[in-house]
Amino acid sequence: MTPSPTAPARRPSARPVRVQRHDPAQRPMLVTWEATRACALACRHCRAEAVPLRSPFELGLDEAKALMDEAAAFGKPAVIFIITGGDCFERPDLAELAAYGTELGLHVALSPSGTDKLTKEALAELQEVGVNVISLSVDGATAATHDSFRGLERTFDRTIAGWEAARELGMKVQINSVVARHNAHELPDIAALVREHGAMTWSGFLLVPTGRGVDLGALDADEVEDVLGAFYDMGEAVPVRTTEGHHFRRVCFQRQVLADRGVPEEEMMRIMGYGPLYRQLRERITELGLDSGPRRRRPPITVSSGSGFVFVSHTGEVTPSGFLEKSAGNVRDSSLTEIYRRSEVFTGVRDPGLLKGRCGACEYKAVCGGSRARAYNTTGDLHAEDASCNYRPGSFPFPDEVAALMSGVGGGSGAGGHEGLKVGEAVHAGHAGH
């Protein structure tokens, strides 16, 4: 790679990060329901450890409708209700449930698997009852990489066909990509697919050690930083965001400060501590023309586990996310509203004052806070530092500029520059099983 003498000119966003319009302690923006763990795939990372057949202990039709009633009870504006899995198409009552949710006023979105059930006819049926947003997974730039990861041949082809069918129907599509050692080098080429086929959002999921993904091959903290830097670089060519990569928000603050100061590229890389993986990805990004584009960078929003987001399992267990397997109660015997607002699990993950280690000392903790799922799954402590972040608190050389930008978004406290999450941006956090 031949670096440019100065950082490329960028159109700065109004702010690097958006905060939630409504108090996340009182209501979530997203409720994700794992409708079933049944799925025809055998994905190497699956949080749900999906199985071929449905469980007799799943929430039944009436229980699922009661859950939707609970979600609607959070009030207006209605929450975004994401139906995931396993494969939500394994539920024969899916269309009835989607219709019921939209009749309640919920914004219903789906997160299906790339199986032979993902057809244009099935999507059209769901669109007729009010579903206009889906998310699909693309975990490699080629069929060989993706199908190996998903455990079934032709999954890549089915996913691309489903993607094209949804776009033809006028549905909004989000593409999700697990980021791990097997495919990190393909990320720019996956982004090129996103640019080619069109998507409202591309979300990179930084692997959380849970389910089948425990031994998959997560990147180390230095490599994660390189990947986040590459995501930032591609943000004007494709609509990028991350899942369980909350420190991308920190990167957005830092990179905007450096761009506003006109810091040369090599100096930017030195300050950010980027390594060989970043340089490799940056070279491919440049080759593909993904380092610039006509779109305005879309700042990430401060939705995190238990703070704007709640997950309900196929058996009704309520957790802050699908990757944080610490139950705060069950909708079969407790109110979803009460669990979200008052359980110690949820109030705890929402309190940055409880954070420990580097997360607790970090100047970005109010807008980041680290992945509570990754911290809990690796240490057993909800409030431990996120080991996937290599940032040393206080080490960024332009703290005054960062502080000014932080104040512009209310420092994540709920004051200033608020913006709500659009329905079409929501399904990234709901893509829990696949």
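Here is a yes/no grid of residues against (1) under 21 Å from residue 116 (Cα atoms); (2) out of contact with any Gly (no Cβ under 8 Å at 6 or more places or on another chain):
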site	(1), (2)
157	yes, yes
191	no, yes
206	no, no
217	no, yes
Is there a residue in the stretch 4-18 that is farther than 30 Å from residue 182 by Cα and modelled with pLDDT of 95 or more? no
Which residue, of 81, 74, is more than 21 Å from residue 173 (Cα to Cα), in contact with a Ser or Thr (Cβ under 9 Å, 6 or more places away or on another chain) and either modelled with pLDDT under 95 or crowded, with 20+ Cβ neighbours inside 10 Å (or both)? 74
Residues that are among the β-branched types (Val, Ile, Thr) and out of contact with any Cys (no Cβ under 9 Å at 6 or more places or on another chain): list the helices (runs of 4 or more DSSP H) wholly contained in the stretch 312-365 that include at least 2 such residues. 336-342, 344-349
Output the qualifying pairs, or none if there are none: Cβ atoms under 8 angstrom, residues six or more apart or on different chains, first residue in the stretch 367-382 and within 23 Å of residue 402 (Cβ to Cβ), second residue open to solvent by 40 Å² or more (accessible area, probe 1.4 Å). 369/352; 370/385
Among (1) open to solvent by less than 10 Å² (accessible area, probe 1.4 Å); (2) at pLDDT 95 or above; (3) of a type in the set (A, V, I, L, M), where does residue 129 come up short? (1)
Only unsatisfied item for residue 51, checking (1) surrounded by fewer than 16 Cβ atoms within 10 Å (Cβ to Cβ); (2) at pLDDT 95 or above; (3) of a type in the set (A, V, I, L, M); (4) within 25 Å of the chain's Cα centre (by Cα), is (2)
So residue 287, is it closer than 14 Å to residue 234 by Cβ, acidic (Asp, Glu), more than 24 Å from the chain's Cα centre (by Cα) and at pLDDT 95 or above: yes
Restricting attention to the stretch 147-198, report how many residues are at pLDDT below 95, open to solvent by less than 10 Å² (accessible area, probe 1.4 Å) and more than 23 Å from residue 235 (Cβ to Cβ). 3
Filter pass, residue 290 being over 30 Å from residue 22 (Cα atoms) and open to solvent by less than 20 Å² (accessible area, probe 1.4 Å): yes
In the set 142, 119, which member is open to solvent by 30 Å² or more (accessible area, probe 1.4 Å), out of contact with any strand residue (DSSP E or B) (no Cβ under 6 Å at 6 or more places or on another chain) and under 22 Å from residue 86 (Cα atoms)? 119
Restricting to the stretch 95-105, what's the tally of residues that are surrounded by fewer than 22 Cβ atoms within 10 Å (Cβ to Cβ) and either assigned to a loop (DSSP other than H, G, I, E, B) or not aromatic (Phe, Trp, Tyr) (or both)? 7
Could you say whether any residue in the stretch 368-380 is open to solvent by 20 Å² or more (accessible area, probe 1.4 Å) and among the aromatic types (Phe, Trp, Tyr)? yes
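The values are calculated or read from the model by the stated rules, or taken from the named source; none is laboratory data. Nothing here was measured: the structure is a model prediction, and the numbers come from that model. Neighbour counts are summed over all protein chains in view; Cβ atoms, including those assigned to glycine, are modelled from backbone coordinates with ideal geometry. Surface areas here come from the heavy atoms of the whole protein model, side chains and all, with no ligands, DNA or RNA. Shrake-Rupley method; radii C 1.70, N 1.55, O 1.52, S 1.80 Å.
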